[in-house]
Structure formats: structure tokens, C-alpha cells
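Worksheet: the structure to be examined is printed underneath.
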DNA sequence: ATGGCTTATTGTATAAGA
């Protein structure tokens, strides 16, 4: 099975790219972030015509997450249970007996901002929920835009980024708390080198110069780790006209 | 060098992203 995550930065703008990518890559599961639209605007019909079922937790202008799959999407969960949040950042479902959690983790904006505190609080709520969720669903995958570069290999210029959002110690510790639940950064099961990124700033020719960050991840539970067979970051969509600033991260597992 | 792009908004400048 092929799983993928992609922050599309407006599904309204990026739908043609998503449909092309589905046709080319034929993933079994595609998690989207930043759809930036209400459920009433979500392109269920166009996706259905492409052979994909979808569940969406959306809102106007900001955030919004979706799970797409040609398979049956069951036991859908919207938002983190018991955590009051106006922002639509979580949708989870069971597909082929695997618990798929699609997350758009807050950006944090700046270390001294309220949004940074929200990011850390939100990550804590996510971790507490997943601790329970893994007990109920040992085969669990957390896919999404984490807005965290786990270590310096995941940043194009660690010296310039010291202490900034995406790389700060509290954020990296929060990432390690997720790992401590028994989750594994699947991309790193196959690639140890630096310089592999999933996001590039639109400005300053960031993509052309590979000034990027690896902030989109697929974490898999212990029960899934041994089934992982390949992972890649597909840079092709980032080269298209009017691209998202993120590009898809892909994981293949046996079964 | 606090700029540089891109998206959305009952817009025409502002907020947010990362």
C-alpha cells in the first residue's frame, strides 16, 4: 500500500495538481492539509470521478484536512477528542485495518507569539490522544505537516535557523515525545543524509536553490515499522506552474 | 538586509504561512 501526505496550500487552487498526482502515483491513501475551504466547497464529486473516496474536516480561509482513498474509509474522527479547538487540523479514519491520522500541526509563527504557545499546547493534546489511540489501534500512522524539522539534517541552514520556529528545542522535544509513543520517522528508515526537504519558501528562489526544510512526515507505529519498504519525497509537483510550497511525502508498506 | 512570494478576504491593504 502506498501512503502520502501533502500540504496543498488551498485545494481550490491545487485541485488540478492533486488530480494529476492521484492519476500518476495511484496512492492508496493521500492526506491533505490546508484545504482552506468549507466542507460545502470540497470537491467530493471530482475526486469520486477519479476513483477516490474522501473525508474532510474543513473551514474557510485557514487550515482544513482531508483523507482520500479508493478503499473504504471507516470510523472517521474529526478533531482531537476532548480538546477544544476552533481550528480544523485533524481528521482520522481506519483504512484496511490501519488507523490513519491526518494532522496539520500549527506553524507557531514566532517563538514569542501566542501562536507558538498554541502550537506546543496543541502538540501536547495530540500526543496524549495518540497514546490512547495506539492502544486501541496498534497499526497507526500519523501523516501530515508537522511544521517541525526534527533535526539539523532537515534544515538547509541550521546555523541561520537556530532558535527559530520549526527547529526550536521545545518543538523538537515535542516531536521526540511523539516518537516516544513508539512511532518512527519512516523517511529516516531509508535515508540518513541531509538535504532532503518537503517545503521550500516561495521567496528568494527557495526551491531552485534547495533552501528547504523537511517538515512533512509520516510516522508509523511499532506494529507497522517492519512493513515499510520504501519512502520518497516527490519533488515533481513542486516544479509545476503555480505549485504548493510543499510537495508530497510518500511511504510504501507491504500488505 | 525583517525584504523576498502566495493565498484568501464581502478585499483594493491586511493577515498568515514557514
**Q.** Extension gain, residue A:12 back to residue A:241 (0.36 nm per residue minus Cα-Cα distance, nm)
**A.** 80.9 nm
**Q.** Label point 7 Å beyond Cα of residue A:85 along Cβ direction - residues of segment A:118-150 with amide nitrogen under 15 Å
**A.** A:118-133, A:142-148
Q) Modelled label-to-label distance, residue A:191 and residue A:62, 7 Å Cα→beta-carbon offset: nm? A) 3.1
Q. If you take the square roots of the eigenvalues of the alpha-carbon gyration tensor of segment A:143-222 and sort them as a ≥ b ≥ c, do you get rounded (a/c under 1.5), prolate (a/b over b/c) or oblate?
A. prolate
Q. What shape does segment A:1-144 take by its C-alpha gyration tensor, where a ≥ b ≥ c are the square roots of the eigenvalues and a/c under 1.5 counts as rounded, a/b above b/c as prolate, and the rest as oblate?
A. oblate
Q: May I ask you to derive the FRET efficiency for residue A:229 and residue A:50 from their Cβ-Cβ distance with R0 = 30 Å, giving the value to the nearest 0.05?
A: 0.75
Q: Assign one of three labels to chain A, namely rounded, prolate or oblate, based on the Cα gyration tensor with a ≥ b ≥ c the square roots of its eigenvalues; rounded applies when a/c is under 1.5, prolate when it is not and a/b is larger than b/c, and oblate otherwise.
A: rounded
Q: Multiply the residue separation of residue A:78 and residue A:136 by 0.36 nm, subtract the distance between their alpha-carbon atoms, and state the gained length in nm to one decimal.
A: 19.2 nm
(Q) Quick check on chain A: helices-only [θ] at 222 nm, where DSSP H runs of length 4 and up contribute -39,500 (n - 2.57) each and the sum goes over total residues. Nearest 500, please. (A) -7500 deg cm²/dmol
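Read the figures in this text as sums done on the coordinates, not as results from a lab. Bear in mind the structure is a predicted one, so any value in this text is a computation, not a measurement. All Cβ positions, glycine included, derive from the backbone under ideal geometry; neighbour counts span all protein chains shown.
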